[in-house]
Structure formats: C-alpha cells, structure tokens
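Take a look at the structure below.
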Amino acid sequence: MFDGVKKRINAFQKEATTLLKRELDEKNLEKMLWDFEIGLIESDVALPVAEEIVQSVKAKLLDTKRKKAEEILENSIRDTLEKVLSVRYFDFDEYIKNTKKPIKILFVGVNGVGKTTTIAKMAQHLQKNGHSVIIAAGDTHRAGASEQIGIHAKRLGVKLIEHQIGADPTAVIYDGVQYATARNKEVLLADTAGRLHTKVGLMDQLKKIHRVTRPDLVIFVDEAIAGNDAVVRAKMFNDTIDINGSILTKADVDVKGGAAISIAYATGSPILFLGTGQEYDDLVKFQPEWLFDRLFED
Ligand SMILES: Nc1nc2c(ncn2[C@@H]2O[C@H](COP(=O)(O)OP(=O)(O)O)[C@@H](O)[C@H]2O)c(=O)[nH]1
Ligand SMILES: [Mg+2]
C-alpha cells in the first residue's frame, strides 16, 4: 500500500535534489574549486595532488548538499502530513479503556465498502482486549443484512439486537443502547445500511439515528481503493454528522494510498484502522509513523 505516494515523493526528491545540486556546481562550486586548485598549485602543490584534493572536496560537497536537500524535503513533507494525519488524533484502545460505558459506536458509509465486516473485526478486537460487546443490526434496508451480521455475531459469541427488515434503524440501535445499559455491556457496535451520500432522505435518516441514539463515536468506513470518490463521500458524511474517525478497508488490494491522507484532511479526523483482508484478524491500527516508514523507506 501507499506505493503511488511513495513513488511521487521519491521522484520529486530526486528531481529537486538534482536541481539544487546543479545550481550549486554550476554557479558557485566550479569557480570556487578552480580558484582553490590554482591557489594550491601556486603554493607549489604538485598538480596531480591539487587535482585529487579538489576532486575529493567536490565529491564531498555535492554529497553533503544532496543529503541535505533530501533531508529538508523529507522533513517538510513529513511535517505537513503529520499535521494532517494527527488532527484530533486519539488512541482508539485507550479511548475505549477510559470512556464511560456503554460506549456507542456508529458505523457509516456507502454500500459494499466493508462496514459489516469491519464491525465483526472490531468486535473481535475489543473482545481480545477484554471488553464486552454487543452489535445492533441497524441495516434493516438490505435483504440478508441481518443474516450476514447474525452469522458474524454467532461466530464471535456476541449478542445481536435486530428487528425485522424495513424496521426503523433508529429503533434497532436505540434498543441496542437500552440493552447495553441494562446488561452492563461495554461497547455497542451499530451497523447501518449503506447509503449514497447524495440521497437526502437517507442522510436525514442518519441524522435521526444520531440525534436519538447519541453515539460516542461515528466511524466512517470506506475503501482505500476508492481514491478520490472516498474523499468526496467522507466529506459529505462529515457534513451530515460529525465523523470522529475513519477506517479504510481493502488496503490489502494494491492502492495508491493518497486517500488516507485526503480523508483525514477532508474530515479533520484521524484514520483509525486499516482493513487488510476478509478475516477477523485483518484489522491493523493506523499510525502516522507507520505511513511515514512506508513512504520514506529506501
Ligand atoms: N480484501 C478485502 N475485502 C474486504 C475487506 N473488508 C471487507 N471486505 C469485503 O468487502 C465485501 C463487502 O463487505 P461488507 O462488510 O458486506 O460491506 P458493507 O456493505 O459496507 O457492510 C465483502 O465481500 C467483504 O468480505 C478488506 O479489508 N479487504
Ligand atoms: Mg453491511
């Protein structure tokens, strides 16, 4: 993942370094070195020795200049990305540990991006960290949605709150909140139907869910491979209900990587996890350093 961005940075670094190097040797260095060499010869240093000294100084200077240019470029790119990626950054696991229970997490996004799968992965992740979890089947829209999440819930040993197809998703999720409160469950994961960010009615429904169930976190899920489409969607979901963080799925598929940076920028909130496959274990915490290591590794 992130090969596209990395390639661009590398190419730019190379080009910029060449430019800076050229400026140094053409305008200043040659003349400086020439004067130096003449000075040495005039001081009775043998010509081959003077030449060797000058050549080695030249090589060292160019090398230092190159390294410095690379360092400056890397640092400034890194600083900017760090600023973008750490806006409202929080450590998810610490947040779960330290926040008043039950914690209600609402997952939103368009259809087929991996919301339901991500909820299953998240349920396992939280259980492994010792938290009790329940799931609310808030996708009452799509036939088979309840069955799909039901299979996950059963496999994971997690209680599922569900209503019949066509039911009001707000009611299902609200039931989930009541259940979690009554039974001291620590985290409620609320699924929602995939909705197009352009469908006003469905976005209004999301507002209603938000108003009534008052989630602690709203997590936007989209595919890393969706590129700029995902960025546009993230922005529209964020305009509808404030997003606290995003999860990018399908990062196991070859992607250019810029979407992670752009979504964080567009929503002003952090990327929390990456989905890296279809298994429950395929969820990795996203950390800015992790991205930098990939972008700037040699
Ligand atoms: N390769 C890959 N596939 C994923 C990932 N997350 C989800 N999927 C697949 O994407 C498809 C849609 O997932 P689903 O959870 O039903 O999406 P939803 O409509 O947003 O709930 C399924 O086939 C999932 O197995 C991921 O991180 N990597
Ligand atoms: Mg789903």
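The values are calculated or read from the model by the stated rules, or taken from the named source; none is laboratory data. Only a predicted model underlies this, so the values are computations on that prediction, with no experimental measurement involved. Here the Cβ positions follow ideal geometry from the backbone for every residue, glycine too, while neighbour counts run over all protein chains shown. Please note that ligands, DNA and RNA were not included when accessible areas were found on the heavy atoms of the full protein model with its side chains. Shrake-Rupley method; radii C 1.70, N 1.55, O 1.52, S 1.80 Å.
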- Item | By average C-beta atoms within 10 angstrom, highest first, the peptides 5-11, 145-151 | 145-151, 5-11
- How high is the relative contact order of segment 3-85, in percent, counting Cα pairs under 8 Å that sit 6 or more residues apart? 43 percent
- Cross-link reach from LYS6 to lysines, straight Cα distance under 26 Å and at least 8 residues apart if same chain, gives LYS14, LYS21, LYS65, LYS67, LYS68, LYS83, LYS235, LYS250, LYS256, LYS285
- Item | Sequence-separation-based contact order of segment 181-271, relative, with Cα cut under 8 Å and 6+ spacing, percent | 28 percent
- Message: Please list, by residue number, everything in segment 221-244 whose backbone N is under 18 Å from a paramagnetic label point 7 Å out along Cα→Cβ of VAL284.
- Response: 222-226
- Using a simple spin-label model with points 7 Å from Cα along the Cα→Cβ vector, what separation in nm is obtained for ASP3 and GLU52? 4.6 nm
- Message: Among 74-84, 37-47, how do they line up by average Cβ neighbours within 10 Å per residue, starting with the highest?
- Response: 74-84, 37-47
- In what sequence, highest mean first, do 166-178, 111-123 appear when ranked by Cβ atoms within 10 angstrom? 111-123, 166-178
- Message: I'd like the distance separating the alpha-carbon centroids of segment 158-231 and segment 266-298, in whole Å.
- Response: 23 Å
- Task: Could you work out the equivalent-ellipsoid semi-axes for the chain, taking the square root of 5 times each eigenvalue of the Cα gyration tensor, largest first, in whole Å?
- Result: 56, 18, 15
- Item | 222 nm mean residue ellipticity, helices alone, for the chain (DSSP H n ≥ 4; -39,500 (n - 2.57); rounded to 500) | -18500 deg cm²/dmol
- Note on the structure: So the carbon and sulfur contribution to the accessible area of segment 3-85, 1.4 Å probe, in percent, is 57 percent
- Item | Cα pair distances in segment 3-85, grouped into 5 Å bins until the bin that holds the longest one, percent each | 3, 14, 18, 17, 12, 10, 9, 6, 5, 3, 2, 1
- Accessible carbon and sulfur surface of segment 92-296 relative to its total accessible area, %, 1.4 Å: 48 percent
- Determine the per residue accessible area of the chain with all protein chains present and a 1.4 angstrom probe, expressed in square angstrom. 52 Å²
- Item | Length-normalised contact order of the chain in % [C-alpha pairs under 8 Å, at least 6 apart] | 23 percent
